[in-house]
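Heads up: the structure comes next, in structure tokens.
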Amino acid sequence: MRLFCATTNPGKLVEFRKALEDSCALETLPGLKSIPPCDETGSTFEENAIQKALYYSRHCEGQLFVDDSGLEVQALGGAPGVYSARFAGPDASDEANNRLLLERMQSAADRSARFVCVVALASQGELIDTFRGLVNGQLLQAPRGLNGFGYDPLFFYPPFGCTFGEVPLERKMEVSHRAQALRAMVAQLRELKVD
């Protein structure tokens, strides 16, 4: 089975490859850097994932998936949500986003949070389906660990007893929101016997 993906996020690409290494041949969309980026105007992960999948799948033959994912924090009413990657501004670094999140959470008693991922699969401008994964945890008051990317160093996962930034990729991918969504996608493709 061969699938294309459209992402310019190196952290996501590493996780895509890890999650799919035993199930399909994964290729990045040819010429992705020369394609104008898709506008993400949705208010939900589903809406943004579908927008991107329909847009980028018109640029290749075969099936293509994208994900839209982020962190939802209970005390912030679900923020940063779909703005997770640009929480501190359009070109914000992971460090800047984490810093702003900690500032906003200074006086919060409830530190519950969850990572959410929606994967949208499309072929030549037609949506095939969407797949959702989520994982619950708590936000720490300071980052721990150098692994992963994004909010991983702040996201404490109780069953592991540490943050996603403190575990190797293989361990994180056992439970992560992105791995859950990708596994659901692969399961459906196998049911449909897609090559």
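The values are calculated or read from the model by the stated rules, or taken from the named source; none is laboratory data. Predicted model only: the values in this text are computed from it and were never measured. Positions of Cβ are generated from backbone atoms using ideal geometry, with glycine treated the same way; all protein chains shown enter the neighbour counts.
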query: Which condition breaks for Gln63 when tested against (1) polar (S, T, N, Q); (2) closer than 30 Å to Phe156 by Cβ; (3) in contact (Cβ under 8 Å) with a residue 24 or more places away in the chain?
result: (2)
query: Does Leu134 satisfy the condition of being closer than 25 Å to Phe160 by Cβ and of a type in the set (A, V, I, L, M)?
result: yes
- line: Within segment 60-75, residues modelled with pLDDT of 95 or more and surrounded by fewer than 18 Cβ atoms within 10 Å (Cβ to Cβ) come out as Gln74, Ala75
query: If you go through segment 1-28 one residue at a time, how many are over 24 Å from Asp94 (Cβ atoms) and of a type outside the set (S, T, N, Q)?
result: 9
- request: Go through segment 37-76 and count every residue that is closer than 21 Å to Ala19 by Cα and of a type in the set (Asp, Glu).
  value: 3
- request: Collect the residues in segment 79-99 that are closer than 14 Å to Gln141 by Cβ and either touching a Ser or Thr at 6+ places or on another chain (Cβ under 6 Å) or surrounded by fewer than 17 Cβ atoms within 10 Å (Cβ to Cβ) (or both), keeping them in residue-number order.
  value: Arg99
query: For Asp129, are the conditions met, namely being in a strand (DSSP E or B), more than 16 Å from Lys18 (Cβ to Cβ) and not aromatic (Phe, Trp, Tyr)?
result: yes
message: Whether any residue in segment 139-146 is hydrophobic (A, V, I, L, M, F, W, C), surrounded by 18 or more Cβ atoms within 10 Å (Cβ to Cβ) and under 26 Å from Cys60 (Cα atoms) is what I want to check.
response: no
- request: Working carefully through the options Val116, Val135, find the one that is buried (at least 19 other Cβ atoms within 10 Å of the Cβ) and free of Cβ contacts under 8 Å to residues at least 60 places away in the same chain.
  value: Val135
message: For the structure I just gave you, tell me whether Phe156 is out of contact with any Ser or Thr (no Cβ under 6 Å at 6 or more places or on another chain) and either of a type outside the set (Asp, Glu) or free of Cβ contacts under 8 Å to residues at least 60 places away in the same chain (or both).
response: no
